[in-house]
Protein chains: 2
Amino acid sequence: MKHVTIKDVARALNCSISTVSRAFNDKYDIHPDTRERILKAASEMGYQPNPIARKLTQQRTYNVGVVVPEFLNPFFPEVIMGIQDVLLKKGYQVLIMQSNENDDTERENLKTLVENFADGIIISLSQESKNIDYIQSLIDKGFPIVLFNRSNESLNVSKVLFDDYKWALFATEHLIQQGITNIIHLAGKNHLTLSKKRIQGFVDAHRKYKLPVDNSKIIETGFLVKNGFEAIEKLIIKKQIPQGFFCVNDPTAMGAIKALKKHGFRIPSDVAIIGFTQTPTSSMISPPLSSVIQPTRQMGEVAAELLLKQLDSSGLIVPETVVLSGSLKIRESSVKLSS
Amino acid sequence: MKHVTIKDVARALNCSISTVSRAFNDKYDIHPDTRERILKAASEMGYQPNPIARKLTQQRTYNVGVVVPEFLNPFFPEVIMGIQDVLLKKGYQVLIMQSNENDDTERENLKTLVENFADGIIISLSQESKNIDYIQSLIDKGFPIVLFNRSNESLNVSKVLFDDYKWALFATEHLIQQGITNIIHLAGKNHLTLSKKRIQGFVDAHRKYKLPVDNSKIIETGFLVKNGFEAIEKLIIKKQIPQGFFCVNDPTAMGAIKALKKHGFRIPSDVAIIGFTQTPTSSMISPPLSSVIQPTRQMGEVAAELLLKQLDSSGLIVPETVVLSGSLKIRESSVKLSS
DNA sequence: CTGTTAGCGCCTTCAC
DNA sequence: GTGAAGGCGCTAACAG
């Protein structure tokens with residue numbers, strides 16, 4: 001794998017390496033003709049500036065790191081596709097790392113990225129959110145960071161979020177409007193803004209309809225199928241299955257459905273269920289799952305744009321938060337046939 | 001983001017930079033004491049060797065590229081997790097790229113990786129497989145490559161494959177043993193070894209039971225939900241729905257189920273279905289989907305091991321093919337209640 | 001065992 | 001507009 005270097009090109013054209021270098025970096029004065037000549041010869045020789053050497057001198061890697069909690073559910077992969085779409089076009093490499101919902105791993109990921117001189121990082125926090133301080137310290141040093149989806153209010157950075165409050169309220173309202181008054185919310189970890197907002201929406205929907213609601217209606221669980229499954233198993237032991245569930249996301253809802261069906265509950269006639277952040281498979285399970293549609297891919301695109309903004313302006317930037325909106329997708333799982 | 005360099009450490013300890021370098025690279029002679037002293041001081045100063053500079057001199061990046069057709073289905077993400085598990089431990093960065101089942105993108109991905117001096121590449125071919133020659137040329141140049149899952153027999157490289165033939169045969173046999181004689185195989189693109197092997201297994205299962213089988217029973221389709229869906233729609237128009245389907249993978253099977261249910265077919269009583277490469281959601285759809293369980297994560301681990309082998313031995317290596325085995329997971333979708 | 005000296009491939013100031 | 005020279009941070013002979 002012997003590569004042709006800038007020297008080879010210079011020698012072949014009988015000019016200096018700095019001239020060749022200039023041809024590849026618009027910003028310098030160079031005669032258009034010589035420039036053409038060099039570019040042509042270079043491409044014929046198969047010359048490509050060595051990105052690594054370039055990075056060394058420029059002190060810029062054109063690598064951006066993306067850290068996600070997991071990518072087994074299609075949500076994060078889809079966001080990543082959005083990120084890649086815009087970043088690859090701008091000549092950036094996207095390094096994907098997953099924290100596995102584990103703070104230590106998340107910390108390691110971030111460190112690896114920083115030590116490898118990623119130019120910036122796009123991250124969705126792991127459930128536990130114990131790295132807030134570390135992340136803040138990076139931000140303080142001027143390291144470009146953008147948060148998406150899973151955020152934390154104390155962090156002063158650019159963020160791309162979903163209007164969780166609004167759509168949690170709508171989703172809950174949808175259940176209430178069908179006469180379901182006894183609803184339980186399978187919520188996400190409370191460290192995350194996302195969880196809080198969805199809880200808030202859940203609560204305020206009750207307020208709006210003057211329905212009682214307290215902490216017993218809110219069960220903190222995780223974002224995975226098994227978390228939903230386990231939460232239901234516990235409720236069944238305590239004989240506290242309500243008429244309806246509003247779940248923090250689709251996997252949790254699917255886990256809940258699995259457990260409920262296992263114990264003979266009928267959905268939606270016995271228990272109505274609605275999820276959040278529509279998953280492709282949510283339409284294929286039985287019964288088809290109602291959910292909130294989130295503009296997943298767009299979330300990635302916007303996150304990438306926000307990062308580019310920071311990357312391009314070498315100065316300090318005022319963090320901005322972009323809030324995306326969605327829509328309700330009502331399917332069988334939440335529609336009481338009787339009412 | 002000012003980083004401390006090897007010089008800073010050398011100056012602080014009043015020694016030469018090469019001594020510091022040695023302390024960080026075991027392979028040289030250095031007095032244990034000085035080494036300790038340096039390492040200690042370095043960590044106190046927050047010194048970390050600059051990976052980029054290191055890459056420049058070593059002509060080795062410790063980056064390996066992974067190219068997959070997509071990562072919306074959980075299969076590839078899970079393989080990637082396996083790959084990362086072993087590679088990250090060895091100090092490698094894993095660059096994930098997706099070809100989107102598109103050969104041009106795949107080619108671009110490969111080029112980007114090669115130009116960025118990835119030390120090696122692990123790849124699962126896109127459906128069309130038009131880059132065989134390009135990949136072969138990389139291999140000929142001595143570039144370390146490992147193929148997994150989606151391969152092509154003409155490529156002379158290390159591969160990690162699944163025993164597609166055997167399990168396709170077993171899956172088909174499972175249907176036959178229930179008295180289902182009219183089976184259609186929704187197959188993958190024929191360029192891929194995987195597709196051919198599964199077709200072969202499908203055919204041989206018929207031979208084994210002396211059942212007729214011809215090309216009309218094999219429909220070339222894709223690997224996505226929509227491909228299965230569309231294939232069924234066409235069959236319905238032609239009124240050629242058989243008693244059973246053996247699908248090239250779970251997404252295709254799910255698409256088929258969706259289309260069949262839409263048109264009023266009952267599964268499994270009207271049509272029995274079995275998929276391939278168990279997907280987590282396959283147990284959650286209605287009816288739960290029978291499938292072939294593949295050791296997904298392990299596939300990634302083995303692929304990484306094979307690559308490491310090539311990376312570590314600077315000489316030429318004899319390509320080796322590892323074939324993994326699986327198991328049948330029978331659920332409702334393929335069990336004829338009547339028989 | 002340790003210091004000196006070349007580079008790795010490129011960018012960038014400084015002369016001309 | 002172009003060439004020479006220094007340097008990015010580190011590794012790798014080569015001496016001693």
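The values are calculated or read from the model by the stated rules, or taken from the named source; none is laboratory data. All figures in this text were calculated on a predicted structure; none of them were measured in a lab. Cβ coordinates were reconstructed from backbone atoms using ideal geometry, including for glycine residues, and neighbour counts include every protein chain displayed.
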Open item on the list: Could you check region A:245-282 and list, in sequence order, the residues that are among the small types (Gly, Ala, Ser) and over 22 Å from A:Gly188 (Cα atoms)?
Closed with: A:Gly264, A:Ser269
Task: Residues of region A:223-247 satisfying the condition of being over 24 Å from A:Glu173 (Cβ atoms) and β-branched (Val, Ile, Thr) - done: A:Val225, A:Ile236, A:Ile237
Task: Some residue of region A:60-75 being within 30 Å of the chain's Cα centre (by Cα), facing chain B (nearest Cβ under 10 Å), on the phi > 0 side of the Ramachandran plot and within 16 Å of DNA strand C (Cβ to nearest atom) - done: yes
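Residue-wise test of (1) modelled with pLDDT of 95 or more; (2) more than 30 Å from B:Ile145 (Cα to Cα).
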{"position": "B:Gln243", "(1), (2)": "yes, yes"}
{"position": "B:Val248", "(1), (2)": "yes, no"}
{"position": "B:Lys261", "(1), (2)": "no, yes"}
{"position": "B:Ile273", "(1), (2)": "yes, yes"}
{"position": "B:Arg297", "(1), (2)": "yes, no"}
{"position": "B:Ala303", "(1), (2)": "yes, no"}
{"position": "B:Thr321", "(1), (2)": "yes, no"}
{"position": "B:Lys329", "(1), (2)": "yes, yes"}
{"position": "B:Leu337", "(1), (2)": "no, yes"}
Task: Answer residue from region B:233-280, given it is β-branched (Val, Ile, Thr) and touching a residue at least 40 places away in the same chain (Cβ under 8 Å) and is nearest to A:Met254 (Cα to Cα) among those - done: B:Thr279
Open item on the list: Going residue by residue through region B:6-18, is there one that turns out to be more than 8 Å from DNA strand D (Cβ to nearest atom), within 40 Å of the chain's Cα centre (by Cα) and not aromatic (Phe, Trp, Tyr)?
Closed with: no
- [ ] State all residues of region B:109-132 that are more than 14 Å from every other protein chain (Cβ to nearest Cβ) and assigned to a loop (DSSP other than H, G, I, E, B); if no residue qualifies, say none.
- [x] B:Ser124, B:Leu125, B:Ser126, B:Gln127, B:Glu128, B:Ser129, B:Lys130, B:Asn131
TODO: May I ask you to verify whether B:Leu72 is closer than 30 Å to B:Lys130 by Cα, in a loop (DSSP other than H, G, I, E, B) and at pLDDT below 90?
DONE: yes
Open item on the list: Taking the condition of being more than 10 Å from every other protein chain (Cβ to nearest Cβ) and not hydrophobic (A, V, I, L, M, F, W, C), how many residues in region B:76-90 meet it?
Closed with: 4
Task: Qualifying residue in region B:46-62 (condition: more than 14 Å from DNA strand D (Cβ to nearest atom) and of a type in the set (Lys, Arg)) - done: no
Open item on the list: Condition first: surrounded by fewer than 20 Cβ atoms within 10 Å (Cβ to Cβ), within 14 Å of chain A (Cβ to nearest Cβ) and in a loop (DSSP other than H, G, I, E, B). Now tell me which residues in region B:133-156 satisfy that.
Closed with: B:Lys141, B:Gly142, B:Phe143
Task: Odd one out for A:Asp85 among (1) crowded, with 16+ Cβ neighbours inside 10 Å; (2) more than 13 Å from DNA strand C (Cβ to nearest atom) - done: (1)
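One line per residue, one yes/no per condition, for (1) of a type outside the set (S, T, N, Q); (2) out of contact with any strand residue (DSSP E or B) (no Cβ under 8 Å at 6 or more places or on another chain); (3) surrounded by fewer than 23 Cβ atoms within 10 Å (Cβ to Cβ); (4) within 14 Å of chain A (Cβ to nearest Cβ):
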{"residue": "B:Lys261", "(1), (2), (3), (4)": "yes, yes, yes, yes"}
{"residue": "B:Phe265", "(1), (2), (3), (4)": "yes, yes, yes, no"}
{"residue": "B:Pro280", "(1), (2), (3), (4)": "yes, yes, yes, yes"}
{"residue": "B:Met284", "(1), (2), (3), (4)": "yes, no, yes, yes"}
Task: Selection count where residues are buried (at least 21 other Cβ atoms within 10 Å of the Cβ) and acidic (Asp, Glu), scope region B:88-106 - done: 1
TODO: Identify all residues within region B:42-55 that are over 20 Å from A:Arg54 (Cα atoms) and surrounded by 18 or more Cβ atoms within 10 Å (Cβ to Cβ); write none if there are none.
DONE: B:Ala42, B:Tyr47
Open item on the list: Going by what's in this entry, would A:Ile293 be described as touching a Ser or Thr at 6+ places or on another chain (Cβ under 8 Å) and farther than 16 Å from A:Pro144 by Cα?
Closed with: yes
TODO: Give me a count of the residues in region A:227-246 that are surrounded by 17 or more Cβ atoms within 10 Å (Cβ to Cβ) and of a type in the set (S, T, N, Q).
DONE: 2
Open item on the list: Any residue that is outside any loop (DSSP other than H, G, I, E, B) and aliphatic (A, V, I, L, M) - is there at least one of those in region B:207-216?
Closed with: no
- [ ] Could you please find all residues in region A:28-41 being away from DNA strand D (no atom under 11 Å from the Cβ) and surrounded by fewer than 14 Cβ atoms within 10 Å (Cβ to Cβ)?
- [x] A:Lys40
TODO: Being out of contact with any Lys or Arg (no Cβ under 8 Å at 6 or more places or on another chain) and of a type in the set (Ser, Thr, Tyr) is the filter; apply it to region B:287-318 and report the residue that is surrounded by the fewest Cβ atoms within 10 Å (Cβ to Cβ).
DONE: B:Ser314
TODO: Give region A:263-278 a look and list any residue that's within 28 Å of the chain's Cα centre (by Cα) and over 11 Å from A:Phe245 (Cα atoms), or say none.
DONE: A:Phe276, A:Thr277, A:Gln278
